[in-house]
């Protein structure tokens, strides 16, 4: 796929007559660009999950957002046919133009306004960063007891497959769901010398049992 895009790292090199300008920079840098960058009739797009689209209105009257609730890691292949793209435009016409462009990348398009994008971004942090941190904590715990973390891979994969079966609260198993207070007490004793993990264990147990 060719779109004749030209990457630049200096706003002074930007052609003011470009059709679309995609600002792939950190959130703080968006504010600097909003002060200095001016385009005539280009569509200007940022990729932040938490910054309002309106920050771009002084750059161009035609602006929008393309954000994906996905983590991008160097050297890990991406299946772009399943990549969710959340878009917003300053007008219905601009949003349609953004959608037409993004469908060259992925068919999975979601129309989210700024408030919806904030909530989706927070949920994405839970699904990705929080889950990864939990798994990393379990990995450290297993290694500290000379256990092979790899034995838990099938469990992690089976847990992910629960997405296919509806409400995730209904798919849970374990001592918190069973209200197995004896097992919970035993596991809390195992974490007595790890107060930060014990606090996490107690909080997650409380959340599960509250449902």
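The numbers here are math on the coordinates, done by the rules we state, and not lab data. It should be emphasised that the depicted structure is a prediction, and the values quoted were computed from it without experimental measurement. Virtual Cβ from ideal backbone geometry, glycine too; neighbours counted across all protein chains shown.
According to the square roots a ≥ b ≥ c of the eigenvalues of the Cα gyration tensor, what is the shape class of the range 118-210, taking rounded for a/c under 1.5, prolate for a/b larger than b/c otherwise, and oblate for the remainder? Here the range 118-210 falls in the rounded category.
Using just its DSSP H runs of length 4 or more, each adding -39500 (n - 2.57), the chain gives a mean residue ellipticity at 222 nm of -12500 deg cm²/dmol after division by all residues.
Note on the chain: GNM, Cα springs under 10 Å; of 177, 20, 66, the largest mean-square fluctuation is that of 177. Placing pseudo-labels 7 Å out from each Cα toward the beta carbon at residue 168 and residue 188 gives an inter-label distance of 2.5 nm. With contacts taken as Cα pairs under 8 Å at a separation of at least 6 residues, the chain carries a relative contact order of 11 percent.
Computed over the range 69-168, the quotient of the alpha carbon radius of gyration and 2.2 N^0.38 Å is 1.42. Considering all different alpha carbon pairs of the range 1-120, the Kirkwood hydrodynamic radius works out to 14.8 Å.
The alpha carbon centroids of the range 69-93 and the range 141-211 are separated by 31 Å.
DSSP beta bridges in the chain, what fraction antiparallel, as a percent rounded to 5?
25
Mean separation of Cα pairs under 8 Å and 6+ residues apart, divided by the residue count of the range 11-112: what relative contact order is that in percent?
20
Using the Cβ-Cβ distance between residue 103 and residue 127 with R0 = 35 Å, the FRET efficiency computed as 1/(1 + (r/R0)^6) comes to roughly 0.90.
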